[in-house]
Amino acid sequence: MTMVRQTKQRAAVMEVLRTARSHPDAAQVHAQVREQLPHVSLGTVYRTLDALVRDGVVTTIERAGQATRYDYRHPGEEHHHAVCRSCGAIFDVEVTALPQLPADALPAGFEVTDVRLEFMGVCPECQRRDAGGSPAPVPWPPR
């Protein structure tokens, strides 16, 4: 991991991500950073997010046709994600141990440096709504 220069903009972006549980996209991060730094540009937020991803401080959650979402990597708190196919909500999933892969599952000599699991499905609120119950409000931004 390379050391990035600490600026007030970078600190503000990191603080938004460190405290967010909603897995925000760049526009949402920008809106929250602007509350502290009114003149920060969206371009600065994008460049900061790119640097944080490159340095392994932040990870991305990408879905086809949707804005990239960002997740701060809390040291020692590895987790995966469950994504609702209906409303797009993203939930953290704590996994303490992963099953062992068979020895021949990966190409010979392949070195695993990171593991990401995504569980796709429908959240309880969308299941209730789709079952004909009273529509539950969809939180925005999604979790």
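Things to note:
- Projecting the alpha carbon convex hull of the range 1-73 along each direction and taking the average yields 4.7 nm².
- Coarse-grained scattering of the chain at q = 0.11, 0.16, 0.17, 0.20 Å⁻¹, given as base-10 log I(q)/I(0) from a Debye sum over alpha-carbon atoms: -0.52, -0.96, -1.04, -1.24
- Two-site FRET efficiency, THR19 against LEU117, from Cβ-Cβ distance with R₀ of 30 Å, rounded to 0.05: 0.80
- Charge sum, other residues only, whose C-beta stays under 14 Å from ALA64's C-beta, Lys/Arg counted +1 and Asp/Glu -1: +1
- Where no second cysteine Cβ lies under 4.7 Å, the cysteines concerned in the chain: CYS87, CYS126
- ALA51 versus ALA27: modelled label distance in nm, points set 7 Å from Cα along the beta carbon direction: 2.5
- The chain: antiparallel DSSP beta bridges as a percent of all, rounded to 5: 70
- Take every Cα pair under 8 Å whose residues are at least 6 apart in sequence, average their separation, divide by the length of the chain, and the relative contact order is 22 percent.
Every number in this text was worked out from the coordinates using simple rules, so none of it is lab data. Just so you know, these numbers come straight off a predicted model, no measurement behind them. Note that we place each Cβ from the backbone using ideal geometry, even for glycine, and neighbour counts take in every protein chain shown.
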